[in-house]
1. Listed residues 236, 247, 229; which is more than 13 Å from ligand 1 (Cβ to nearest atom) and out of contact with any helix residue (DSSP H, G or I) (no Cβ under 7 Å at 6 or more places or on another chain)?
2. Pairs needed: first member in segment 158-175, farther than 23 Å from residue 96 by Cα and free of Cβ contacts under 8 Å to residues at least 24 places away in the same chain; second member anywhere, outside any helix (DSSP H, G or I) and within 16 Å of ligand 2 (Cβ to nearest atom); C-beta distance under 6 Å; at least 6 residues apart or different chains.
3. Touching a strand residue (DSSP E or B) at 6+ places or on another chain (Cβ under 6 Å), within 16 Å of ligand 2 (Cβ to nearest atom) and within 21 Å of residue 69 (Cβ to Cβ): does that describe residue 218?
4. Out of 69, 55, which single residue is within 21 Å of residue 276 (Cα to Cα) and at pLDDT 95 or above?
5. Please specify each residue of segment 195-215 satisfying the condition of being outside any helix (DSSP H, G or I), more than 16 Å from ligand 2 (Cβ to nearest atom) and touching a helix residue (DSSP H, G or I) at 6+ places or on another chain (Cβ under 8 Å).
6. Would you check if there is a residue in segment 143-157 being out of contact with any helix residue (DSSP H, G or I) (no Cβ under 8 Å at 6 or more places or on another chain) and within 16 Å of ligand 2 (Cβ to nearest atom)?
7. Among the numbered criteria (1) away from ligand 1 (no atom under 13 Å from the Cβ); (2) assigned to a loop (DSSP other than H, G, I, E, B); (3) touching a helix residue (DSSP H, G or I) at 6+ places or on another chain (Cβ under 7 Å), which one does residue 255 miss?
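The values are calculated or read from the model by the stated rules, or taken from the named source; none is laboratory data. Everything numeric in this text was worked out from a predicted model, so none of it was measured. Cβ coordinates were reconstructed from backbone atoms using ideal geometry, including for glycine residues, and neighbour counts include every protein chain displayed.
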Ligand SMILES: Cc1ncc(C[n+]2csc(CCOP(=O)(O)OP(=O)(O)O)c2C)c(N)n1
Ligand SMILES: [Mg+2]
């Protein structure tokens with residue numbers, strides 16, 4: 001394949017909700033499974049919407065929305081088995097949902113009441129990582145650990161198109177490749193790294209980078225939950241069976257702002273968003289269910305009602321999260337003591353006492 005060959009895209013469900021065949025990837029889903037994927041997509045969009053609203057009400061300091069990326073996250077997240085380990089960025093709320101992380105626990109970091117509110121070992125879902133691309137190295141190390149322990153699972157690591165330019169990501173590709181690590185690199189190419197477009201990251205489609213590192217790369221329609229599920233499932237299986245890493249480029253779009261502190265109207269045209277709205281990941285599953293008479297209005301109403309309830313519950317539990325004491329920021333920095341930290345803790349305690357007197 002040459003660098004200027006047209007990109008290939010694995011798609012199993014068109015934006016109009018038509019099933020299409022692919023010679024290498026197919027998936028046999030029961031109506032129940034499709035309905036379940038639809039429910040996932042709707043509920044994670046609702047969680048995200050509530051979080052944006054909570055930020056606007058001043059209840060969160062910041063939020064990174066997943067709007068538009070639901071299929072990439074639910075498809076890949078539902079491909080994971082209990083033994084697999086996932087390393088997210090800061091936007092993988094849909095994957096967190098698939099790992100059974102209580103949505104309110106995602107809010108703690110963004111409300112500033114904790115440093116990440118869940119136990120990674122309990123969910124096989126690492127804490128959110130803000131330092132772009134650094135988690136790819138952690139994930140490869142973890143995958144090599146599984147390999148050395150003779151474990152059954154694979155590792156998946158999420159990162160963005162912008163992260164693909166980071167040294168850490170490229171180093172992690174080298175390590176994964178030469179050690180044949182059981183890892184899937186899942187790049188959500190949402191076309192933007194804050195205000196930098198994908199054209200400023202790469203002259204070739206991102207998935208083709210993998211070939212230069214010595215492992216396969218594949219581009220999947222990131223707004224197609226069936227295709228994301230099928231492709232990720234296969235890549236994880238390959239990893240578990242000793243066939244080494246795969247790079248999956250999920251071709252999608254960040255429909256919202258980078259975070260709630262960003263205003264995308266300053267750097268991208270409205271027509272781009274309008275074009276991507278026609279490829280909405282939820283609408284195509286809904287169309288598929290309708291057309292094939294796999295779900296009735298009662299089902300869609302029940303999912304909407306569940307989303308309402310989930311949203312209300314999230315709003316209530318967000319504001320009920322206890323504020324930490326100021327001294328709590330010194331906890332969990334080091335597993336054992338540290339002289340400088342002890343000194344800073346004592347200084348800060350003295351400072352606080354000064355207010356009370
Ligand atoms: C090492 C590092 N450099 C810069 C930043 C600031 N920063 C935060 S998000 C971001 C863009 C990331 O874009 P991408 O990888 O495409 O992920 P997306 O936000 O689109 O999901 C940058 C540069 C950071 N957090 N870490
Ligand atoms: Mg991006």
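1. Details: 247 fails: out of contact with any helix residue (DSSP H, G or I) (no Cβ under 7 Å at 6 or more places or on another chain); 229 fails: out of contact with any helix residue (DSSP H, G or I) (no Cβ under 7 Å at 6 or more places or on another chain).
After applying the criteria, what remains is 236.
2. none
3. Details: touching a strand residue (DSSP E or B) at 6+ places or on another chain (Cβ under 6 Å): yes; within 16 Å of ligand 2 (Cβ to nearest atom): no; within 21 Å of residue 69 (Cβ to Cβ): yes.
In short, no.
4. Working: 55 fails: within 21 Å of residue 276 (Cα to Cα).
From the options 69, 55, the qualifying one is 69.
5. Step one: of segment 195-215, the residues outside any helix (DSSP H, G or I) are 195-197, 201-205, 214-215.
If we keep only those that are more than 16 Å from ligand 2 (Cβ to nearest atom) as well, we get 203-204, 214-215.
Passing the criteria: 214, 215.
6. Checking segment 143-157: not a single residue is out of contact with any helix residue (DSSP H, G or I) (no Cβ under 8 Å at 6 or more places or on another chain) and within 16 Å of ligand 2 (Cβ to nearest atom).
7. Of the numbered conditions (1) away from ligand 1 (no atom under 13 Å from the Cβ); (2) assigned to a loop (DSSP other than H, G, I, E, B); (3) touching a helix residue (DSSP H, G or I) at 6+ places or on another chain (Cβ under 7 Å), the odd one out for residue 255 is (1).
Rundown of residues vs (1) crowded, with 17+ Cβ neighbours inside 10 Å; (2) within 23 Å of the chain's Cα centre (by Cα); (3) assigned to a helix (DSSP H, G or I), yes/no style:
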residue	(1), (2), (3)
289	yes, no, yes
305	no, no, yes
314	yes, yes, yes
318	yes, yes, yes
